[in-house]
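**Student:** What follows is a structure written as structure tokens; I'll ask about it next.
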Amino acid sequence: MGFGKWIGGIVGFMASGPLGGLAGFAIGSLFDSATDLKQPQYTEEERTQYGQRNSFLFSMLVMASYIIRADGKIMHSEMEYVRNFLRVNFGEAAVAEGQQILMDLFEQRKRMELYDVNAFHRTIRECGAQIADNLQYGERLQLLDFLVKIAKSDGNICPAEVEALKEVALVMGLSLKELDSMLNLFGDSLEEAYRVLEIESSATDEEVRAAYRKLALKHHPDRVATLGEDIRKASEEKFQQINAAKERIYKARGMR
């Protein structure tokens with residue numbers, strides 16, 4: 001898929017507000033070159049879905065730029081995770097352009113902080129509020145899941161990254177329990193399984209069942225179906241980890 005088409009789908013809620021400002025800085029004239037979606041073979045529904053998908057993905061890049069720099073370093077492993085993400089979702093042609101957007105965002109942060117050390121920080125908070133107002137709940141959960149995976153991609157998540165993730169989760173209208181659940185998704189202990197289900201180990205069997213039903217409903221892959229099959233598959237992976245955590249708890253308790 002050509003990057004012009006990828007960028008051409010960034011419309012909708014991103015047209016104004018802080019995300020629009022960052023998109024304009026990072027992308028610039030590429031908007032003007034993306035004309036293929038205007039061709040008559042595309043329906044209005046296809047254009048709308050494409051816009052939703054790419055607004056979601058540009059939001060991910062903006063928030064990723066904040067998480068990656070949370071510890072003051074740009075780790076190769078984190079950048080490589082993003083490159084692989086772009087490669088899988090958009091093809092090889094998108095990798096260099098997506099990386100350039102990230103580098104432009106890093107540079108914009110540096111410039112903003114020359115005059116005000118908290119300027120980019122405030123912009124990220126405003127972006128999070130804009131995302132909370134315009135992305136569906138399940139889409140925001142999937143966005144947070146991607147950010148957690150980026151932070152963990154080097155095999156270690158530092159306190160500064162955890163604090164940045166907490167901030168991003170809250171400004172996007174999500175809870176710290178939901179973040180903690182995702183931070184423990186790939187654990188294999190019983191304690192981590194309870195945290196995935198967002199409950200204490202003292203919960204009753206019925207509370208365990210209710211917690212799983214609630215979690216399964218809000219993380220169901222159908223909630224991100226309009227964002228594309230690749231993102232739906234990523235959601236399915238998350239759903240499988242939730243089921244694995246549930247099975248560990250059920251087995252430990254002798255539940256069926």
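**Student:** Probe of 1.4 angstrom, ligands and nucleic acids ignored: what's the accessible area per residue over region 167-229, in square angstrom?
**Tutor:** With the other protein chains kept in place, region 167-229 gives 49 Å² per residue.
**Student:** Something else now. Using each residue's phi in region 212-225, evaluate 6.51 cos²θ - 1.76 cosθ + 1.60 at θ = phi - 60° and report the 3J(HN,Hα) Karplus result to the nearest Hz, with x for Gly and Pro.
**Tutor:** Along region 212-225, the couplings run 5, 4, 5, 5, 4, 5, 7, 9, 4, x, 4, 5, 10, 4 Hz.
**Student:** FRET efficiency for GLU92 and GLU163, Cβ-Cβ distance as r, R0 = 51 Å, nearest 0.05?
**Tutor:** Values: r = 35 Å, r/R0 = 0.68.
Calculated value: 0.90.
**Student:** From the phi of every residue in region 92-106, what ³J(HN,Hα) in whole Hz does the Karplus formula 6.51 cos²θ - 1.76 cosθ + 1.60 yield, where θ is phi - 60° and glycine or proline is x?
**Tutor:** Taking θ as phi minus 60°, the curve returns 4, 5, 7, 4, 5, 5, x, 5, 5, 4, 4, 5, 5, 5, 4 Hz for region 92-106.
**Student:** Explain nothing, just compute: Karplus ³J(HN,Hα) = 6.51 cos²θ - 1.76 cosθ + 1.60, θ = phi - 60°, for every residue of region 245-256 in order, whole Hz, x for Gly and Pro.
**Tutor:** 5, 4, 5, 4, 5, 4, 5, 5, 9, x, 8, 10
**Student:** Please go through the residue pairs LYS152/LYS238; LYS73/LYS110; LYS73/LYS238 and name each one whose alpha carbons sit more than 19 Å apart in this structure.
**Tutor:** Exceeds cut-off: LYS73/LYS238.
**Student:** Also, quick follow-up: With all protein chains present, calculate the accessible area of MET103 using a 1.4 Å probe and round the result to the nearest 10 Å².
**Tutor:** 80
**Student:** Is the shape of region 73-126 rounded, prolate or oblate, going by the alpha carbon gyration tensor and its root eigenvalues a ≥ b ≥ c, with a/c under 1.5 for rounded and a/b larger than b/c for prolate?
**Tutor:** Prolate, because a/c is 1.5 or more and a/b exceeds b/c.
**Student:** Round to the nearest 0.05 the FRET efficiency obtained for ASN118 and SER16 when R0 = 25 Å and r is the Cβ-Cβ distance.
**Tutor:** Details: r = 23 Å, r/R0 = 0.90.
The computed FRET efficiency comes out at 0.65.
**Student:** On to the next question. Compute the relative contact order of region 213-256 as a whole-number percentage, counting only Cα pairs closer than 8 Å that sit 6 or more residues apart in sequence.
**Tutor:** Normalised by residue count, the contact order of region 213-256 is 33 percent.
**Student:** Among the GluC sites (Glu not before Pro) within region 147-256, which fall in a DSSP loop and have no more than 11 other Cβ atoms within 10 Å of their own Cβ?
**Tutor:** In loop regions of region 147-256 (DSSP not H, G, I, E or B), the sparsely surrounded GluC sites (Glu not before Pro) are GLU200.
**Student:** Shape of region 112-256 from its Cα gyration tensor (a ≥ b ≥ c, root eigenvalues): rounded if a/c is under 1.5, otherwise prolate when a/b > b/c, or oblate?
**Tutor:** On the way: a/c = 2.18, a/b = 1.70, b/c = 1.29.
Since a/c reaches 1.5 and a/b is larger than b/c, the shape of region 112-256 is classed as prolate.
**Student:** Now, a different point. Residues in region 187-215, backbone N under 14 Å from the label point at LYS177 (7 Å along the Cα-to-beta-carbon vector): list them, ranges by number please.
**Tutor:** 194-204, 207-215
**Student:** Set the bar at 19 Å for Cα to Cα. Now go through LYS166/LYS214; LYS214/LYS246; LYS149/LYS177; LYS177/LYS246; LYS218/LYS246 and name every pair that lies beyond it.
**Tutor:** LYS166/LYS214
**Student:** Set the Förster distance to 25 Å, then compute FRET efficiency between GLU207 and GLU247 from the Cβ-Cβ distance, nearest 0.05.
**Tutor:** It comes out at approximately 0.90.
**Student:** If a/c stays under 1.5 just call it rounded; otherwise compare a/b with b/c (prolate if a/b is bigger, oblate if not). Do that for region 103-157, with a ≥ b ≥ c from the square roots of the Cα gyration tensor eigenvalues. Before the final figure, lay out each step's value.
**Tutor:** Details: a/c = 2.82, a/b = 1.30, b/c = 2.18.
The shape class here is oblate.
The values are calculated or read from the model by the stated rules, or taken from the named source; none is laboratory data. What you are looking at is a predicted structure, and each value in this text was computed from that prediction instead of being measured. Every residue, glycine as well, gets a Cβ built from its backbone with ideal geometry; the counts of neighbours run over all protein chains shown. We work out accessible area using only protein heavy atoms, side chains counted, and drop any ligands, DNA or RNA first. Shrake-Rupley method; radii C 1.70, N 1.55, O 1.52, S 1.80 Å.
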